[in-house]
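Everything on this sheet refers to the single structure shown next.
The values are calculated or read from the model by the stated rules, or taken from the named source; none is laboratory data. A quick note: this is a predicted structure, and the numbers were derived from the prediction, not measured. FYI the Cβ positions are ideal-geometry reconstructions off the backbone, even for glycines, and counts take in every protein chain you see.
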Amino acid sequence: MIKPIVRIAPSPTGKLHIGTARTALFNYLFARKNKGKYLIRIEDTDAKRSTKNYEKDILNSLKWLGLEGDDEPTRQMERIEIYKKYAENLLKEKKAYYCFCSIEKLEEERRKQISKKQPPRYSGKCRNLSEKEIETYQKEDREPTIRLKIPEDRGTIAFNDLIRGEIKERASLIGDFVIIKSDGVPIFFFAGVIDDHLQKISHVIRGEDHISNTFSQILIYEALKWGKKMPEFAHLPMILNADRSKMSKRKGDFVSVSEFKKEGYLPKALVNFIALLGWHPRKEGKEGKELYRSEELISLFDIEEVGKSPAIFDKQKLDYINGYYLRKLSDDELKSLIYPEHLAEGWQDKDKIIEKAIILVKDRMKKLSDFSELADYFFEKPVYDQEILIFKKSDKSLSQKGLSAAILKLKEIDKKDWQRHEVIQKALEEVVKKEKLNNGDVFWPVRAALSGREASPSPVELLWALGKNESLKRLSGALELINK
RNA sequence: GGCCCUAUCGUCUAGCGGUCUAGGACGUCAGCUUCUCAAGCUGGAAACAGGGGUUCGAGUCCCCUUGGGGCUACCA
């Protein structure tokens, strides 16, 4: 394959959507795999909804995911004159025409067609306006749109989709469509054709929602006499919500990359996960976890292996992958990601408590934001009921006995030895033996006293993390509570 | 409604006519470990939407039905 040039063309009318991120990733993977080029183009021709903030979010998010473009991003609004020039040429060649129909009129026309069960399509009313009519309309200050004239004898439009094979549609189903809006701004797929051609884009890899636009775009290529030099097309399956609807923000689900970032997902986890939505490496062995780093993704990727049917976004699998990469992080790396964004207000990193907390909580985290919930008792004294101190498989008196004996024993341990797990472990074991108790009668109440929870790391680990003073303070508090 | 795309476990998918008593991953269940939870390890349950063809032979090819998705704007 000659070196391909691909592009991701987000429109800044919202934050970077996870679906757009996936399209970007596939473009990126395709370019890297084939030693080609990957570009970013901001399609900001929707003047009403586009904002600079969204553009910033999109660019930052792409960067965060490691999907920066090989050149500086281009913006369509900065290239308006170029598109206009091409539209004017089309006008001159009578392949396009001014349309003075008002939005209201068009709306009415459409309603009528629908009520008659006809496909809504532009009637072609302004198709054969005389010079004179055009002049009078212009004098009335009516701003026209420019529409492309669909050749009547075009027959069936077909193209070969890299993922789906041949796709076709009858040209007669398409009405003369607007290429330049009345404010002089091109419609995105007109600008897109020109940009793709000028940037020598070789492969257009985009979402399935653009399949029907492709037919219109082919008509534009042909009108511009670029019909022989069209790029290859590949349409990716959609990403769906759990209820099979198009993935969008609702029910508190988040869909933008920056929200996933905020929630504490790692870029490599997100990339790993979205790569597997609609694609799976064929060559990879039958066994093994589906954990791929970016480099593996590049070497494995093949556009023809992309699936055709929509994929549901399964957050549980994302959580699994994220947890895996979180565990692979070094303690220092994890700390720099958690501190200070994911600490609750007022929490301080005193006595290196956060470092110890991280070590103990690491295996239990799915995402960075889990930390505050999992580790709160390291930073503040837990509040709990007496009940929690009693070992379920035993009773209150034995738990009391175990707890008080443990306190006495632990007091004897030297502060220096407190850092050694095996010393603390042995001490607790000795208590069990000496008092003729079960492990649970000692370990459970000590652990519960320190964490205030039914589920937590082991008592030995908690003792170590909290230190002698704080541990003993919590333990004697617990003893008071259980003696009540 | 019209047009286009699509259909294997709950989910993501492997399968590109015989090797499929359908494989993997997440989830789920059970067990191991164990004071609890998590992690880890071991094992189990779980799917070819339905109906017609083609063929010696169909999850794999064709058609229909049904389901799902997309598009149907002076949004992208």
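Among the residues of segment A:130-163, what is the count of those that are within 14 Å of A:Ile211 (Cα to Cα) and either of a type in the set (A, V, I, L, M, F, W, C) or out of contact with any Asp or Glu (no Cβ under 9 Å at 6 or more places or on another chain) (or both)?
Summing the residues that are within 14 Å of A:Ile211 (Cα to Cα) and either of a type in the set (A, V, I, L, M, F, W, C) or out of contact with any Asp or Glu (no Cβ under 9 Å at 6 or more places or on another chain) (or both) in segment A:130-163 gives 5.
Go through segment A:159-190 and give me each residue that's of a type in the set (A, V, I, L, M) and part of a strand (DSSP E or B).
A:Ile167, A:Val178, A:Ile179, A:Ile180, listed by residue number.
Take segment A:387-405 and flag every residue that is at pLDDT 90 or above and either of a type in the set (S, T, N, Q) or under 28 Å from A:Trp347 (Cβ atoms) (or both).
A:Glu387, A:Ile388, A:Leu389, A:Ser397, A:Ser399, A:Gln400, A:Leu403, A:Ser404
Among the residues of segment A:416-461 satisfying the criterion of being in a loop (DSSP other than H, G, I, E, B) and over 24 Å from A:Lys381 (Cα atoms), which is farthest from RNA strand B (Cβ to nearest atom)?
A:Lys436
Please specify each residue of segment A:112-144 satisfying the condition of being β-branched (Val, Ile, Thr) and without any contact (Cβ under 8 Å) to a residue 12 or more places away in the chain.
Hits for segment A:112-144 are A:Ile114, A:Thr136.
Have a look at A:Tyr122, A:Tyr98, A:Tyr83 and point out the one that is assigned to a helix (DSSP H, G or I), touching a helix residue (DSSP H, G or I) at 6+ places or on another chain (Cβ under 8 Å) and within 13 Å of RNA strand B (Cβ to nearest atom).
Just one listed residue meets the conditions, A:Tyr83.
If a residue has to be without any contact (Cβ under 8 Å) to a residue 12 or more places away in the chain and touching a helix residue (DSSP H, G or I) at 6+ places or on another chain (Cβ under 7 Å) to count, how many in segment A:201-237 make the cut?
Result for segment A:201-237: 1.
Among the residues of segment A:144-184, write down those that are surrounded by 13 or more Cβ atoms within 10 Å (Cβ to Cβ), closer than 20 Å to A:Leu91 by Cβ and near RNA strand B (Cβ under 7 Å from one of its atoms).
Residues satisfying the conditions are A:Thr145, A:Phe177, A:Val178, A:Lys181, A:Ser182.
Across segment A:259-282, what is the total count of residues that are touching an Asp or Glu at 6+ places or on another chain (Cβ under 9 Å), more than 16 Å from A:Lys63 (Cβ to Cβ) and not in a helix (DSSP H, G or I)?
Total meeting the criteria: 7.
Conditions: (1) near RNA strand B (Cβ under 9 Å from one of its atoms); (2) under 25 Å from A:Tyr122 (Cβ atoms); (3) surrounded by fewer than 20 Cβ atoms within 10 Å (Cβ to Cβ). A:Ile187 meets all but one. Number of the miss?
(3)
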